[in-house]
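Values in this text are rule-based calculations from the coordinates and carry no lab data. Given the structure is predicted, the values throughout are model-derived calculations rather than measurements. Because the Cβ atoms are built from the backbone with ideal geometry, glycine has one as well, and the counts that use them run over all protein chains shown.
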Amino acid sequence: MKDKNLGFIEGWLSIVINTALFFVKFWAGTVTGSVAMVADAWHTLSDTLTSVVVLVGFWIQKKPADDRHPFGHGRAESIASLVIATLLAVVGFSFGKESLARLVNRVPAAYGTIALLIFVASALIKEALAQFSIWAGRKINAHSLIADGWHHRSDAVASALIVVGGLASSYAWWIDGVLGLIVSGLIIYTAAELLMDVSSSLLGQAASPELERQVKKLAEECCGEQAGQIHHIHVHKYGDHVELTLHMRVEPTMTVEQAHQIATAVEKSLREKLSVEATVHIEPS
């Protein structure tokens, strides 16, 4: 099985399962009058949207760079993720407001046995889907799949909370409103986490200490002492396409040709070992 196929399988499987769960949960929440159940249904639908982004990301990665987009089209996925995260935040605040109104007006909800069984099944299904997504993401080194898996897991936790609330509803009228606030908080937290991750990537991130260590080690292995002090490492991500720039100090007595050969060797090594397109700026030590 090819790596890309595994990503498409996870995406389509997630879309089909989450869409089906949304309709069933929404029906259960509407019938019982539970704002927490309805909020959780929309949380499940948000997983469908996230999986659509995963599919779009894998599809975009196939498009080659062109004159207008010399670094490829990988950041289109990040832009779509920003839109989805914003919509998630709106949904979360909306249900939080409705849950708070229920608490103020002392509105209870009646949980039926069928509704509770639906949410038990949902919690189990979503945790299984989370396990598969995280496994697939680690297998093919796809962070979007791992993030999608954690999104599924947050929905599984939310469904489990609904079940707990249903079992306790006969003893506490306020349980539905409180659980509605908790589920709303989960939605808002997921949106905020996605916004921060995507924004950080778009704004540009510093190279991690581990990446710096790898870059310096590979430069030393390929050129020995000729590869002088490396600094000013910058990483520019465009989806799967990663550009890396760095400064390297060499002996000032080197000829331009010698310095160029060292820079080319380092760039080739980083391309082959780390799968990044590197640009080395040479300067005298």
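Structure data summary
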quantity: Pairs of lysines in the chain (C-alpha under 15 Å apart; 8 or more residues apart or interchain); calculated: 10
quantity: Value at 222 nm in deg cm²/dmol, rounded to 500, when DSSP H runs of n ≥ 4 in the chain each add -39,500 (n - 2.57); calculated: -25500 deg cm²/dmol
quantity: Approximate spin-label separation GLU193-LYS217, in nm, with each point projected 7 Å along Cα-to-Cβ; calculated: 2.9 nm
quantity: DSSP-defined antiparallel bridges as percent of all bridges, segment 237-283, nearest 5; calculated: 20 percent
quantity: Dipole magnitude of the chain, debye to nearest 20 (Cβ charges: Lys/Arg +1, Asp/Glu -1, about Cα centre); calculated: 800 debye
quantity: Förster radius 22 Å - calculated FRET efficiency between TRP27 and PHE93 (Cβ-Cβ, nearest 0.05); calculated: 0.35
quantity: Theoretical FRET efficiency, 1/(1+(r/R0)^6), r = Cβ-Cβ of SER275 and VAL164, R0 45 Å, to 0.05; calculated: 0.50
quantity: Net length gained if the chain between HIS247 and LEU124 were fully extended (0.36 nm per residue, minus Cα distance); calculated: 39.2 nm
quantity: Given (1) 18.8; (2) 17.7; (3) 16.7, the label whose value is mean projected area of the Cα convex hull in nm² derived from this model; calculated: (2)
